[in-house]
């Protein structure tokens, strides 16, 4: 059963607000600290959520896309981002993109990513991206939302169901980030071995015209 928006999910995020502007601004002021490996680290921050889901379900699959326009995308086959019902009857998604992950953000030693850097949460990815689109597919519906530098610029826009569940996060890293390696298929394949429950395929289309 769905909980109400006012309750607090103490293990991951506080549902009380969609956006924590101070949190987003804090990340942007300290970009070198929160994305020390540049775009590769941001991809790993997103993949970590797919790995959590795969571990809970006993296995899962994910595709990392490298696109000609410089965007990166991570698509998994999980249950989709948690959705609840607000007091006025509206469905709302867990505010993962613009609020802190309570497990990690203030506790940098809580978990390390495969690149040896602390996991801080996907809000780091949103805050340090020129734009990010989060598409969520659950059994009870599908929505998408766009963010620019960590701030939502659209509401939850419904998308047509296609019979699948999972999340798709597509983003363009902020070009002002401290230079880091551009993700390469070989690097990703090597690093994701740290998540044995998650099968990852890399789809590199940077030399093609495919979307």
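Quick notes
- Each of 52, 69, 14 has some number of other Cβ atoms within 10 Å of its Cβ, and from fewest to most they run 69, 14, 52.
- Order by protection proxy (mean Cβ within 10 Å, highest first), peptides 74-85, 157-168, 18-29, 40-51: 40-51, 74-85, 18-29, 157-168
- Simple spin-label estimate for residue 32 and residue 175 gives 2.1 nm between the two label positions (7 Å along the Cα-to-Cβ direction from each Cα).
- Taking the average, over residues, of other Cβ atoms within 10 Å as the packing measure, peptides 57-63, 106-112, 91-97 rank 91-97, 57-63, 106-112 from highest down.
Throughout, read-outs are computed from the coordinates displayed, never taken from laboratory work. Because the structure is predicted, anything quoted here is derived from the model rather than measured. Cβ: placed from backbone, ideal geometry, glycine included. Neighbour counts: every protein chain shown.
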